[in-house]
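Working notes, beginning with the structure itself.
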Amino acid sequence: MLLIENHLQAIDKIPDSNYWVTLVLLFLFFLIFILKAIDSKRLKEDFTFLIKVPFLKYETDDTYSFFHVYQIVIFLFSTTVISMVIYKFKLNSREEDLAFFTNIFLVVFFYFIAKRILEYLLFSLLQIKQATQFFINSKWNYLYSLTFFLFGGIILFEFTNLKQDYLFYLAVFLFFLRFIFHFVSNKNLIFSKLFYFILYLCAFEIAPLFLLFKLMF
């Protein structure tokens, strides 16, 4: 009898099911399905953008504005994936919590929204919007591309016994790769407008990331 009571107590201590994580992953699959239905060719290009050779000259497709359905869906996909990676990293010190994930998602979502708006205003104010069009497009394309790989990593780590730390290492590697490829792809523009690039790097990359880390950690 005592053994049964101890067993029941152990069951009571088991944390609630993380079924909602599976629902989030299914939601992300649904977003990919929508992207494929809207423009399968563009989806393939976004998926492979990170593994393209940055030393070769290529063009980005800017036919879709930010308010196009495709751009809205892939933006939602990317912010959700990045939020899940941050959530998994922070999870080491706490239990599964949908409300906690929701808070992370809202912070990440509005961070990227504000960042995109401020970038647009800065380049318009400096009257270099046309000159930096490829720079901005390729930066977001690299971000969208790496989130597809992160999504695969999340699925792998969610349903295997691999340590969650490796997911964080994968994210760091992909973001570092993105930075290098983006720099190489835009090296001529960066060196020709070095002052503007340093200003942009400090105001829209380093400072916002520092603020985001302060909010999240």
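The values are calculated or read from the model by the stated rules, or taken from the named source; none is laboratory data. Model, not experiment: these values are computed from the prediction. No Cβ is skipped: glycine too gets one built from the backbone with ideal geometry, and neighbour counts run over all protein chains shown. Heads up: the accessible areas ignore ligands, DNA and RNA and are worked out on the full protein's heavy atoms, side chains in. Shrake-Rupley method; radii C 1.70, N 1.55, O 1.52, S 1.80 Å.
Computed values, structure above
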quantity	calculated
Residues satisfying the stated conditions in the range 44-70, i.e. open to solvent by less than 60 Å² (accessible area, probe 1.4 Å) and modelled with pLDDT of 90 or more	Y70
Only listed residue being at pLDDT 90 or above, in a helix (DSSP H, G or I) and open to solvent by less than 50 Å² (accessible area, probe 1.4 Å), chosen from Y144, Y111	Y144
Elements of type helices (runs of 4 or more DSSP H) contained in the range 163-217, each with 3 or more residues being under 20 Å from the mean Cα position of the chain (by Cα) and at pLDDT below 70	207-216
Unmet criterion (only one of (1) open to solvent by 50 Å² or more (accessible area, probe 1.4 Å); (2) closer than 23 Å to F30 by Cα; (3) at pLDDT below 90) for E95	(2)
Cβ-Cβ under 6 Å pairs, at least 6 apart or on other chains, the range 188-216 side within 21 Å of T79 (Cα to Cα), far side modelled with pLDDT of 75 or more	F204/E119; P208/K115; L212/Y111; L215/V107
Tabulated pairs, the range 133-158, first touching a residue at least 24 places away in the same chain (Cβ under 8 Å) and of a type in the set (D, E, K, R), second part of a helix (DSSP H, G or I) and open to solvent by 10 Å² or more (accessible area, probe 1.4 Å), C-beta under 9 angstrom, 6+ apart or interchain	K139/R178; K139/H182; E158/T22
Per-region count, the range 114-135, residues in contact with a helix residue (DSSP H, G or I) (Cβ under 8 Å, 6 or more places away or on another chain), at pLDDT below 70 and open to solvent by 60 Å² or more (accessible area, probe 1.4 Å)	1
Selection count, the range 24-55, where residues are outside any helix (DSSP H, G or I), in contact with a Phe, Trp or Tyr (Cβ under 6 Å, 6 or more places away or on another chain) and of a type in the set (D, E, K, R)	0
Members of the range 162-205 that are open to solvent by 40 Å² or more (accessible area, probe 1.4 Å) and polar (S, T, N, Q)	Q164, N188, S192
